[in-house]
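The values are calculated or read from the model by the stated rules, or taken from the named source; none is laboratory data. As the structure is a prediction and not an experimental result, all values here were calculated from the model. Ideal geometry is used to build each Cβ from the backbone, glycine not excepted, and the neighbour counts take in all protein chains shown. Areas reflect the complete protein model, heavy atoms only, side chains present, ligands, DNA and RNA absent. Shrake-Rupley method; radii C 1.70, N 1.55, O 1.52, S 1.80 Å.
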Amino acid sequence: MVADFKSPLLQKFGVFEASGVDAGVAAHYGEPLKEQRRFILGAEKFVVADYSHLDVVTVSGPDRHSWMTTLSSQIMDGMKGGDSRELTLLSAQGRVEFVPFAVEDGDKLWLIAESGQGEDLAAFLNSMKFMLRVDIENVSAEYGILVSFDDPRTSEKAPKALQKALIFSDPWPGVVAGGTAYTEIDPGEHPGQGLRRFFSIIPLADLLDIAPEVSLSGMWAAEALRIEAWRPRYGNEVDEKTIPHELDLMRTAVHLEKGCYKGQETVARVHNLGHPPRRLVFLDLDGSEHTLPEVGASVYVGTKKVGKVTSVAQHWEAGPIALAVIKRNVDPAAVLSVVDEPREDDSSTPSVQYAATQTVIVSPDAGQVAGRRDMGNFFRG
């Protein structure tokens with residue numbers, strides 16, 4: 001997105017702008033918990049959140065699908081108009097560098113990236129095109145995103161502009177072709193069931209015209225539901241060490257039957273022979289402090305630091321909730337604590353501690369598939 005981006009919808013009266021990775025769009029429109037309930041219970045108008053700070057890059061040309069297949073962890077061949085897929089672009093060491101959402105319109109492949117990543121994503125793709133028939137364009141300054149938890153294409157409440165929009169259908173929490181779940185929960189009991197998201201790509205110039213036809217909810221509301229659904233996000237859960245296994249991205253963004261892409265060796269080695277060094281967990285937080293910990297707050301078992309909070313929100317029913325990335329070998333039954341520690345230059349501010357109960361998302365035993373399947377017979381032999 002362009003520097004210092006401000007969504008046109010910030011002109012709406014009563015809006016409070018978000019900060020951090022969501023700067024440039026609304027945190028809420030005056031009633032954050034009511035806005036969250038509207039997503040679940042519905043409203044007179046179609047309910048959306050403004051994600052227009054996300055970046056959009058297009059890839060056109062007859063080689064776009066096969067080319068993106070060679071670059072990414074996902075098979076993109078055979079995509080038709082309206083098809084959606086999630087993918088990762090990795091470093092040579094298998095670290096996550098981009099997690100774009102891809103949707104095909106029949107003419108172009110549209111990639112939705114985290115805020116501020118459009119320029120870097122377009123530059124990376126241009127550096128990899130060589131003699132192939134592809135054209136890459138960063139169109140972040142022209143297009144915005146509206147996110148809903150109902151499909152605009154099938155909702156009678158949705159404005160015509162959304163019904164006709166190009167829409168990325170988030171596959172989470174399904175397990176796509178070639179993927180695998182790193183959770184041990186029954187698929188029907190996954191909290192993401194019923195919380196599927198739909199990303200409508202809209203010209204920024206049209207947002208103010210659409211606004212009177214929809215019920216607007218802010219990022220606080222939408223992010224609380226994302227956390228409830230255990231859905232990882234690049235801008236929050238990914239750091240310089242992240243591999244896909246740690247966040248359960250193997251279910252939606254990695255095709256295990258394809259190879260020959262950068263980082264594939266790490267993906268295969270950890271899945272077949274090892275375990276991811278860290279794991280994503282869901283936290284129910286003690287709400288007696290009447291505050292929320294900051295993103296980045298430390299997670300402890302006793303006096304030992306084992307991870308950090310990556311996303312946090314106030315849920316309309318569950319109260320304070322969070323996602324955290326912790327060390328794999330932390331006992332799933334251990335009681336955790338989250339500590340907001342003062343900055344090094346602010347010794348006058350006391351630390352705040354929150355008791356936390358963990359729910360396992362990525363199993364501590366995830367990975368080592370070959371070991372469970374084959375190595376027993378190998379060692380006996």
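Taking only C-alpha pairs under 8 Å that are 6+ residues apart, what is the relative contact order of the stretch 33-89 in percent?
Value for the stretch 33-89: 20 percent.
For the pair Ser351 and Gln11, how long in nm is the line joining their label points, each one 7 Å along Cα→Cβ?
Modelled inter-label distance: 4.8 nm.
Can you give the calculated 222 nm mean residue ellipticity of the chain, where each DSSP H run of n ≥ 4 adds -39,500 (n - 2.57) and the sum is split over every residue, rounded to the nearest 500 deg cm²/dmol?
Details: 9 runs with 65 residues, N = 381.
Rounded to the nearest 500, the figure is -4500 deg cm²/dmol.
Once you have the Cα-Cα distance between Glu341 and Gln163, take 0.36 nm times their residue separation minus that, and quote the gain in nm to one decimal. Don't skip to the end; give the middle numbers.
On the way: separation 178, 0.36 × 178 = 64.08 nm, distance 4.66 nm.
Extra length from Glu341 to Gln163 when fully extended: 59.4 nm.
Answer rounded, prolate or oblate for the chain, using the Cα gyration tensor with square roots of eigenvalues a ≥ b ≥ c: rounded when a/c is under 1.5, else prolate when a/b is larger than b/c, else oblate. Walk me through the intermediate numbers first.
Details: a/c = 1.65, a/b = 1.06, b/c = 1.56.
Oblate shape, in that a/c is at least 1.5 and b/c is the bigger or equal ratio.
Please work out whether the stretch 1-114 counts as rounded, prolate or oblate from its C-alpha gyration tensor, where a ≥ b ≥ c are the square roots of the eigenvalues and a/c under 1.5 means rounded, while otherwise a/b larger than b/c means prolate and anything else oblate?
Values: a/c = 2.36, a/b = 1.88, b/c = 1.26.
Taking the square roots of the gyration eigenvalues as a ≥ b ≥ c, the stretch 1-114 is prolate.
At a threshold of 8 angstrom on Cα-Cα distance, excluding pairs fewer than six apart, so keeping six or more, what relative contact order does the chain reach in percent?
Relative contact order of the chain: 18 percent.
What FRET efficiency comes out for the pair Thr154/Asp105, r = Cβ-Cβ distance, R0 = 30 Å, nearest 0.05? Walk me through the numbers before you get to the answer.
Details: r = 19 Å, r/R0 = 0.62.
My answer for the efficiency is 0.95.
Too long at a 30 Å Cα-Cα cut-off: which of Lys262/Lys305; Lys164/Lys241; Lys108/Lys258; Lys108/Lys157; Lys108/Lys241?
Correct reply: Lys262/Lys305; Lys164/Lys241; Lys108/Lys241.
Say each of Leu132 and Gln193 gets a label point 7 Å from the Cα, pointing the same way as Cα to Cβ; how far apart are those two points in nm?
So the label points at Leu132 and Gln193 sit 3.8 nm apart.
Given the Cα-Cα distance of Glu142 and Glu44 and 0.36 nm per residue of separation, how much length would full extension add, in nm?
Taking Glu142 through Glu44 to full extension adds about 32.3 nm, to one decimal.
How far apart, in nanometres, would the label points at Arg269 and Leu208 be if each is projected 7 angstrom from Cα along the Cα-to-Cβ direction?
5.4
Sorting check: for 100-106, 199-205, which peptide has the highest mean count of neighbouring beta carbons within 10 Å, and how do the rest follow?
Result, highest mean first: 100-106, 199-205.
With a ≥ b ≥ c taken as the square roots of the eigenvalues of the C-alpha gyration tensor of the stretch 121-205, please select rounded if a/c is under 1.5 and otherwise prolate if a/b is larger than b/c or oblate if it is not?
Oblate.
What number comes out for accessible area per residue over the chain if the probe is 1.4 Å? Units Å², please.
Using a 1.4 Å probe on heavy atoms only, each residue of the chain averages 45 Å².
With a 1.4 Å probe and every protein chain kept in, tell me what percent of the accessible surface of the chain is carbon plus sulfur.
It is 50 percent, rounded to a whole number.
Working out 0.36 nm times the residue gap between Glu289 and Ala334, then minus their Cα-Cα distance, what length gain in nm do you get to one decimal?
14.1 nm
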